[in-house]
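We did not get these values from a lab; they are worked out from the coordinates using the rules stated. From a predicted model like this one, the values you see are computed outputs, not experimental measurements. Every residue, glycine as well, gets a Cβ built from its backbone with ideal geometry; the counts of neighbours run over all protein chains shown.
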There are 2 protein chains.
Amino acid sequence: MAIAQKIKNSMEQSSWIRKMFEQGALLKAQYGADQVCDFSLGNPNLEPPAVVHQALLKILQESPAALHAYMPNAGHPETRTAVADFLSREHGLPFTLKDIIMTCGAAGAINAVLKALINPGDEVIILAPYFVEYLFYVDNFQGQPKIVSTRPDFLPDLKAIQEAITPRTKAILINSPNNPTGRVYDHTIIHGLGDLLSDYSRKGQVIYLVADEPYRKIVYDGVQVPSAFQAYNESIVVTSYSKDLSLPGERIGFLAVNPQAPDRDELINALTLTNRILGFVNAPALMQRVLVGLQGQTVDITLYQRKRDLFCDGLSQAGYQFDRPEGAFYLFPRSPIPDEVAFVQALQEERILTVPGRGFGAPGYFRIAYCVADEVIERSLPGFARVMKKFTP
Amino acid sequence: MAIAQKIKNSMEQSSWIRKMFEQGALLKAQYGADQVCDFSLGNPNLEPPAVVHQALLKILQESPAALHAYMPNAGHPETRTAVADFLSREHGLPFTLKDIIMTCGAAGAINAVLKALINPGDEVIILAPYFVEYLFYVDNFQGQPKIVSTRPDFLPDLKAIQEAITPRTKAILINSPNNPTGRVYDHTIIHGLGDLLSDYSRKGQVIYLVADEPYRKIVYDGVQVPSAFQAYNESIVVTSYSKDLSLPGERIGFLAVNPQAPDRDELINALTLTNRILGFVNAPALMQRVLVGLQGQTVDITLYQRKRDLFCDGLSQAGYQFDRPEGAFYLFPRSPIPDEVAFVQALQEERILTVPGRGFGAPGYFRIAYCVADEVIERSLPGFARVMKKFTP
């Protein structure tokens, strides 16, 4: 047998999201794509803002020398300076280009971070429900994921986190605004977490706070996402332009190390190395240039807010239970029956595609990705209502 | 200490190529970039052919929906079909899009392949001199690199390879046209290697032949690069458009599995998974689209051939010993003194940057990357001659 044993096992478990994606493709082939309401994938339906193509065209017109060449592995200095300046304003901290490494998306950034931090057997705390790829990422470096349940409102349970910390704990990976719940962790929680981790730092155990923030700019009703950098010195933010600029296929993002981190220089050197030797080498060159002038730009967030409101109102009327999300573009309702896989399959019979909560370590719930046309949301609501009725007579 | 122990060690060893690159940056700051002859990095000086920007502009003009969106992890079907069609003509084998995965460069492809194949402790044969990153890539998956020396002419020594094979051997990684030697492995060698590995396949031990071929199209004097696919069924080609289209910063390449490989389907599924879970997710979207119409296009190879001739003639006259390379854009001359690091440092005093052979597992030699302006080559020759004279009075 040619394939590595671990990969063979992983293939068998596969990802629920991809499984739904594939079943959806079959349904679409059978009934036509416009007859299926596909909420299975966080693939933004909004096109990038016009400034993205304007910037691309301007660069191609100017066609500077070495536009597509290798650059320092950490990325183009102009891009990293632009990111650092933006972060300095956003977080009120003195970032410089040295604190920034451009990466192949947030996924590339997380892998570079985990490879730099984890010795085999080290533990990484992950909060459930979680983005399922996190488990693969920790396993890539023989780390042990330590899954900690969130509170019933899906916000972090600091006491449970504290109880999960052991001498092997090397990092905690958080994601706010959250996939799959849409929840935003508030100031009290982030600073509580920072204080908790600072206690360990003072005792000599550094536990890195890795904040995965691709949805930071996708928030509603004026909600603010607290700064992990302000809450805790040993923090790293990993993020991408996949969601806020609708560029997920381009694999462009960055990681930023807290300028106050005591190990800052060594850490950045390590991250530059791991980003290189994992085979990323550097983030895509042309997109790096595009981003120089686009810091702080986003798609029109009110369009996502309208989708959220449309969906939340419709599902509430149909009797679904969920916390109204403050950010990202996911809903994570409770399944009206304990076996949410059966419920998701009943939705499929209505040609509605969602993902069972067990794919995120949270059975009894299901995920709806609402980064789709408003029309699809509207068309799905009667089906959602019929399936709810079927299970709650 | 926050950094993983293994990464700390790797940082200390660092890469000779990068070390020279950094020393070069210091020299350039001191004397001005135009006063330093930098042959340390394989960063092509030729701009991409005009068709690349023409294709980019056409796509931006048409601006199709979901241009920057996620696609199947293996890549856009149109791109994979274009690659498969090209490979079918090139190798006389029936490739389809299913055999192709678009990757973040050849480096991304090699990592996806090694993760799919290697169980911890499995061995991967690597031929010295080697591209130093190979050692990191094998180590990323707890594989054991098994270094096998090439013959004095830097072509593979089949007997030495056979002697290095153990029951743990899972793959052999070859690179032709070769970095750092510029040699091209001929038909006899590739088919001899294929026959050798086929013997093991028949006995039940599958050893994958992984052919890293980013320089396949950069060959001189009408030399042909033999097809690894024709020589051996269990073969995978990994490559990129970094060198032949001068797009190294864009991280775009692909891997292709031999359509005759018995494990083909399982292997492709495994590679799609590993490309995803290593954090690459997919190859950059826009560049994938660009490549649809550019199969077989290259920079003007005669320009590299002229550089090779200019350099080889000049170095020969100065008394340097080397095999005239048939491909790629590297020269790997013998150092006139056993300690090639001392020799490389003497070249630095002439403001000439090269890389010591021990960075490639071959002490006593040094690498010259001649993907630079002709003028730099011409300007360097008197310095090369002076240093040679100094050591051979």
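In table form, for the structure just shown:
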item	result
Tail weight of P(r) past 38 Å, computed on alpha-carbon pairs of chain B, percent	20 percent
Degrees separating the helix A:187-202 axis from the principal Cα axis of chain A, which is the longest one	50 degrees
Peptides ranked, highest mean first, by Cβ atoms within 10 Å: ranges B:184-194, A:171-181	A:171-181, B:184-194
Cα gyration tensor shape for region A:258-375, rounded if a/c is under 1.5, else prolate or oblate	prolate
Ranked list, fewest to most other Cβ atoms within 10 Å of each Cβ, for B:C104, A:C37	A:C37, B:C104
Distance histogram for the protein assembly as shown (every C-alpha pair counted, 20 angstrom bins, percent rounded to whole numbers)	16, 49, 30, 5, 0
Assigned charges on the beta-carbon of Lys, Arg, Asp, Glu; region B:41-104 dipole about Cα centre (debye)	80 debye
Inter-probe distance in nm under a simple model that places probes 7 Å from Cα toward Cβ, at A:T96 and A:Q54	3.3 nm
0 to 90° range, to nearest 10: angle between helix A:374-391 axis and chain A longest Cα axis	60 degrees
Neighbouring partner chain Cβ atoms per residue of A:160-171, average, 10 Å criterion	0
Percentage relative contact order, region B:50-291, counting C-alpha pairs under 8 Å, at least six apart	27 percent
21 Å Cα-Cα threshold exceeded, pairs from B:K115/B:K170; A:K170/B:K8; A:K19/B:K170; A:K28/B:K115	A:K19/B:K170; A:K28/B:K115
MRE, 222 nm, helices only [DSSP H, n ≥ 4, -39500 (n - 2.57), over the protein assembly as shown, to nearest 500]	-13000 deg cm²/dmol
Full-stretch length increase - A:E12, A:D85 - with 0.36 nm per residue and alpha-carbon distance subtracted	21.8 nm
Neighbourhood charge, 12 Å Cβ-Cβ cut-off, centred on A:A55 and excluding it, Lys, Arg +1 and Asp, Glu -1	+1
Nonlocal amide H pairs with A:T150, under 5 Å, H built at 1.01 Å	A:A128
Other-copy label distances relative to B:A342, 7 angstrom Cα-Cβ extension, nm	8.1
Rounded to 5, the percent of DSSP beta bridges in the protein assembly as shown classed as antiparallel	40 percent
Residues in region A:293-322 reached by a label modelled at A:E378 [backbone nitrogen below 17 Å; 7 Å Cα→Cβ]	A:303-315
Chain lengthening between B:Q35 and B:H187 when straightened (0.36 nm per residue, less Cα-Cα)	50.5 nm
Virtual spin-label span in nm between A:I147 and B:Q305, 7 Å along Cα→Cβ	6.1 nm
Shielding by partners, peptide B:102-114 (average Cβ within 10 angstrom, other chains)	3
Gaussian network model of chain B, springs between alpha carbon atoms under 10 Å - residue of B:E163, B:E78, B:E378 with greatest fluctuation	B:E163
Closest approach to the axis - chain A beta-carbon, rotation onto B, Å	A:P284, 2
Model label zone, B:A128; criterion: amide N under 17 Å from point 7 Å along Cα-to-beta-carbon; scope region B:341-368	B:341, B:356-367
Extension gain (nm, one decimal) between B:I337 and B:A25, 0.36 nm per residue minus Cα-Cα	109.7 nm
Dipole in debye (nearest 20) - the protein assembly as shown, about Cα centre, beta carbon charges: Lys, Arg +1; Asp, Glu -1	680 debye
Using a 7 Å Cα-to-Cβ projection, B:R202 label spacings across copies, nm, ascending	7.2
Environment charge of A:E340, counting only residues whose C-beta is closer than 13 Å and scoring Lys/Arg +1, Asp/Glu -1	+2
Estimated FRET transfer efficiency (B:Q205, B:D265; beta-carbon r; R0 22 Å; 0.05)	0.60
Within straight-line cross-link reach of A:K58, lysines at Cα separation under 22 Å, skipping those fewer than 8 residues along the same chain	B:K58
Dipole magnitude of chain B, debye to nearest 20 (Cβ charges: Lys/Arg +1, Asp/Glu -1, about Cα centre)	540 debye
Dipole of chain A, positive end: most advanced residue of A:L303, A:N73, A:G364 [Cβ charges, Cα centre]	A:G364
Principal-axis tilt of helix A:77-91 within chain A, Cα atoms, nearest 10 degrees	70 degrees
Cα-based reach from A:K389 at 20 Å (exclusive), listing aspartates and glutamates while leaving out same-chain residues under 8 positions away	A:D313, A:D339, A:E340, A:E349, A:E350, A:E378
Net charge of neighbours whose Cβ lies under 13 Å from the Cβ of A:L271, counting Lys and Arg as +1 and Asp and Glu as -1	+2
Highest-first arrangement of B:281-292, B:147-158, A:318-329, where packing means the average Cβ count within 10 Å	B:281-292, A:318-329, B:147-158
Percent of beta bridges antiparallel (DSSP, region B:50-291, rounded to nearest 5)	30 percent
Pseudo-label separations to other copies for B:F86 - Cα-to-Cβ vector, 7 Å, nm	3.2
